[in-house]
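Since the structure comes first, as C-alpha cells, the remarks are kept for the end.
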Amino acid sequence: MKEKNALAVYRVIGIWDLVLTLPFALPPVIPFEIAFLRTLHGALGGKAAFPEFGPLHAFFVCLFGIMCVL
C-alpha cells in the first residue's frame, strides 16, 4: 500500500473510532446511548435481560469513553 493511501486509511479509522466512542465520553449523552444499546439488544434478539444502569455504571461508561477518545 502506498504511503498516501495508508495515511488516508489511518485517518478514516481514527475518525470512525472517534464517532463511535465520543458519545460514551459525554455524560449528558450516556442515557440516550444506553437506551439505544438496549433497543439494539432487543432488536438483535438478545435473550438475556439488559441490566439497569445506575450512577456507578454511568461513571465507568464515561471513563471508558474518555480513555478511548484520548
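Once both labels are modelled 7 Å past Cα along the beta-carbon direction, what's the residue 63-residue 33 spacing in nm?
Taking the simple label geometry, residue 63 and residue 33 are separated by 1.4 nm.
In the chain, what trypsin sites (Lys or Arg not before Pro) fall in a loop by DSSP, with at most 11 other Cβ atoms inside 10 Å?
Sparse-neighbourhood loop trypsin sites (Lys or Arg not before Pro): 2, 47.
Leaving out ligands and nucleic acids, and using a 1.4 Å probe, what accessible area per residue does the chain come to in Å²?
Roughly 82 Å² per residue, with all protein chains present.
Using Cα pairs closer than 8 Å and at least 6 residues apart in sequence, work out the relative contact order for the chain, in percent.
Value for the chain: 47 percent.
When only DSSP loop residues count, what GluC sites (Glu not before Pro) in the chain have their Cβ near at most 14 other Cβ atoms within 10 Å?
Those satisfying the criteria are 52.
The values are calculated or read from the model by the stated rules, or taken from the named source; none is laboratory data. Keep in mind that what you see is a predicted model, and the values were worked out from it rather than measured. Cβ coordinates were reconstructed from backbone atoms using ideal geometry, including for glycine residues, and neighbour counts include every protein chain displayed. The protein model used for the area step is the full one, side chains on, heavy atoms only, and it has no ligands, DNA or RNA in it. Shrake-Rupley method; radii C 1.70, N 1.55, O 1.52, S 1.80 Å.
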